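Note sheet for the following structure.
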Amino acid sequence: MPNPPSSSKPRYAGLLPKKGWPQRNYRFFRHRVIPQVVQARDGERKAPVLHPPAQGSARITWIGHASFLVQYANHSLIIDPNWALWHGLVKRQREPGLELDLIPLVDLVLITHAHFDHLHKKSLKVIDSKEGIIVPRGSGNLVKRLGFHAVHEMKVWDQLVFNELEVVHTPSHHWGARYLHDTHRDYGGYLVKADGLNIFHCGDSAYYEEFVEIGKRERIDIALMPIGAYDAPSGRDVHMNPEEAVQAFLDLGASVLIPMHYGTFPLGNEPYDEPVERLLAEADRRGVLDKVLVLAEGVGVEVDADFRMKHSDEI
């Protein structure tokens, strides 16, 4: 494959908090962490639709947070699977949308980066895949004992092909350390190509100009974009806000925007309902409201090459 242009690279967000972080962290624990401990968990777990979608279509099921089950007619994969009910003091606010023990055998598991809310080892131990697991460069040692017969590490803009299922590792503006000392771990998103439909999972990212480059290099039909945790207690520029997610979507030149990374774990100081409200308002202002598809957890939506859609309860 051709070498990427010199500007085509991830951007490192750094680890140091910004000025005012003690006050932001106090507000986070006082108004987010403590109240959610006693709050009842909402939502319900559903059985996945097991039969494949029609040729030329893809079924996308949001499990919650950044987790998705993606099914094509002849391929399937799961991205950032996370069935955790707690991450430290942070409680999951909504049940995972699918039953973990009912997840079918998939072709691949994709992990966008090593953070605990994206690389959840207990969930990964339950999931089986034909072709193994893909992780960014530097994170292979984290998953090699989790039962996968193959571990594939990818650098940004690497491409792997598995029987007409193609995966491209894309850059992002974030960081990849699981702890503090392991900043060597890469991070990013993925573009998945199969059956004439290209699905982009952004991974975690702040907004930056590289979304324009991604859109120039690759056709993107469906973009799974993060919209939450933008009011970070650390003050660091690590997650885009809803307005930036719309701009990134436009930069990518994608046809459908599906939001993620909101409403599951309270990771920022923004109000619970604000991300979707701001997303829809900005999409309306920019004239792309009809391109935004907000999914409920566990409800698969089938999208064909003409971007006609139907939900799993219609299948």
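None of the figures in this text is laboratory data; all of them are computed from the coordinates on show. Treat the numbers as computed from the prediction; the structure is a model and nothing was measured. Note that we place each Cβ from the backbone using ideal geometry, even for glycine, and neighbour counts take in every protein chain shown.
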| task | Hey, can you grab everything whose amide H is under 5 Å from the amide H of Arg45? Only 5+ residues off in sequence or another chain; H modelled, so Pro and N-termini drop out. | result | none
| task | Can you give me the three principal axis dimensions of the chain from its C-alpha atoms, in Å, biggest first? | result | 52, 47, 45
| remark: For the range 39-314, whose charge dipole is built from +1 on Lys and Arg Cβ atoms and -1 on Asp and Glu Cβ atoms, the candidate among Gly298, Gly268, Ile79 with its Cα farthest towards the positive end is Ile79
| note | Heads up, the range 72-224 by the C-alpha gyration tensor (a ≥ b ≥ c square roots of eigenvalues; a/c under 1.5 rounded, else a/b over b/c prolate, else oblate) looks rounded
| In which sequence would Asp186, Asp221 go, from the one with the fewest C-beta neighbours within 10 Å to the one with the most? | Asp221, Asp186
| In percent, what relative contact order does the range 63-130 have, based on Cα pairs under 8 Å that are 6 or more apart in sequence? | 36 percent
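List the trypsin sites (Lys or Arg not before Pro) within the range 218-315 that fall in a DSSP loop (any state other than H, G, I, E or B) and whose Cβ has at most 10 other Cβ atoms within 10 Å.
Here the sparse-neighbourhood loop sites are Arg308.
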| note | Rounded to the nearest Å, the spacing of the alpha-carbon centers of the range 121-172 and the range 252-310 is 26 Å
| request: Treat each spin label as a single point 7 Å out from the Cα along the C-beta direction, and report the Glu218 to Lys18 distance in nm. | output: 2.8 nm
| task | For each pair in Lys155/Lys193; Lys91/Lys125; Lys19/Lys121; Lys46/Lys91; Lys130/Lys193, compute the distance between the two Cα atoms and list the pairs where it is over 27 Å. | result | Lys19/Lys121
| field | Compactness of the range 167-315 as Cα Rg over 2.2 N^0.38 Å, two decimals | value | 1.05
